[in-house]
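Engineer: Let me give you the structure first, and then I'll get to my questions.
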Amino acid sequence: MATLEIRDLHVSVEAENGPREILRGVDLTVKQGETHAIMGPNGSGKSTLAYSIAGHPKYTVTSGTVTLDGEDVLAMGVDERARAGLFLAMQYPVEVPGVSVSNFLRTAATAIRGEAPKLRAWVKEVREAMERLGMDPSFAERNVNEGFSGGEKKRHEILQLELLKPKIAILDETDSGLDIDALKVVSEGINRIREAGEVGVLLITHYTRILRYVKPDFVHVFVGGRVVEEGGPELAELLEAEGYERFLKAGV
Ligand code: ADP
Ligand code: MG
Ligand code: MG
């Protein structure tokens, strides 16, 4: 079973008055088959963690390690990370002019599988996955992210998960603009992918809302650029009831 290990990760960004440390020693282990939720207040560095693992050039790792089965993820190019079995939704371009969803997904699958999926079988695979997500078939012919609503972006993300079958998926739930129906579809998608027990999920979120539908095995409270508390699903319930107040005092 694949294991993603983050050890004492420190990350800085370039601010106006020099480098500013955002991640201050993150420790986290995610195994295939497990679902982890990272929960924390706005500005605590959750997205920075996701971007850093994705290899976003704006984020400089100053110390610490990220490994997948002992392999140095930080030394890998973005494509290599995907081939190694990491799924990082945000590593993909925001908009891909002139590239249809169908072609985009086939290119991604080709990169990961090492050979292009047979066209007919692929079209069928995509159609079936879209059906499961309640997506209109015409979606496959639209250009990637062009005019996508928040819900469509999320569905596209889950569609990628279903088709690319990563070992570890990192989903940064900005929780923005997802109405309750979209949230349910997305949650059902995540749960369906989890059922096979072959994916480890790191679900990053500010609100407890999605955790009513996707039950995490582990919850990590993230404050001031590091994990300050860990527990099971009961921790999410505590946060829902009380907010981050007590951790803010303890964490910074
Ligand atoms: P979260 O996702 O938990 O809301 P972020 O990771 O987005 O937190 O941001 C954490 C802190 O790092 C914030 O203070 C934010 O302003 C700062 N930050 C994040 N990315 C950048 C960047 N590219 N340049 C400058 N500051 C950044
Ligand atoms: Mg440290
Ligand atoms: Mg964020």
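The values are calculated or read from the model by the stated rules, or taken from the named source; none is laboratory data. Predicted model only: the values in this text are computed from it and were never measured. Glycine also receives a Cβ, built like all others from the backbone with ideal geometry; neighbour counts cover every protein chain displayed.
Engineer: So how many residues does the stretch 41-65 have that are at positive phi, more than 9 Å from ligand 3 (Cβ to nearest atom) and in a loop (DSSP other than H, G, I, E, B)?
Structural biologist: 1
Engineer: Restricting attention to the stretch 120-150, and to residues there that are of a type in the set (D, E, K, R) and in a loop (DSSP other than H, G, I, E, B), which single residue is farthest from Phe87 (Cα to Cα)?
Structural biologist: Here the residue is Asp136.
Engineer: Moving on. Answer yes or no: is there a residue in the stretch 215-236 that is surrounded by fewer than 21 Cβ atoms within 10 Å (Cβ to Cβ), over 19 Å from Gly45 (Cβ atoms) and either of a type in the set (A, V, I, L, M) or within 15 Å of the chain's Cα centre (by Cα) (or both).
Structural biologist: Checking the stretch 215-236: not a single residue is surrounded by fewer than 21 Cβ atoms within 10 Å (Cβ to Cβ), over 19 Å from Gly45 (Cβ atoms) and either of a type in the set (A, V, I, L, M) or within 15 Å of the chain's Cα centre (by Cα) (or both).
Matching residues to (1) of a type in the set (Gly, Ala, Ser); (2) closer than 22 Å to Gly243 by Cβ; (3) at pLDDT below 95:
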residue: Ile38; (1), (2), (3): no, yes, no
residue: Pro41; (1), (2), (3): no, yes, yes
residue: Tyr51; (1), (2), (3): no, no, yes
residue: His56; (1), (2), (3): no, no, yes
residue: Val61; (1), (2), (3): no, no, no
residue: Val66; (1), (2), (3): no, no, no
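Engineer: Is there any pair with a first residue in the stretch 137-152 that is closer than 15 Å to Val123 by Cβ and a second that is assigned to a strand (DSSP E or B) and at pLDDT 85 or above whose Cβ atoms are under 6 Å apart and which are 6 or more apart or on different chains, and what are they?
Structural biologist: Glu141/Ser100
Engineer: If you don't mind, another one. May I ask you to list the residues in the stretch 151-195 that are in a loop (DSSP other than H, G, I, E, B) and at pLDDT 85 or above?
Structural biologist: Lys165, Pro166, Lys167
Engineer: On the given criteria, is Leu74 within 17 Å of the chain's Cα centre (by Cα), farther than 25 Å from Ala196 by Cα and outside any loop (DSSP other than H, G, I, E, B)? Show your work before the answer.
Structural biologist: Numbers: within 17 Å of the chain's Cα centre (by Cα): yes; farther than 25 Å from Ala196 by Cα: yes; outside any loop (DSSP other than H, G, I, E, B): yes.
Taking the combined requirement at face value, the residue satisfies it.
Engineer: Right, next: Any chance you could count how many residues in the stretch 4-33 are away from ligand 1 (no atom under 14 Å from the Cβ) and either over 20 Å from the mean Cα position of the chain (by Cα) or in a strand (DSSP E or B) (or both)?
Structural biologist: The qualifying residues number 11.
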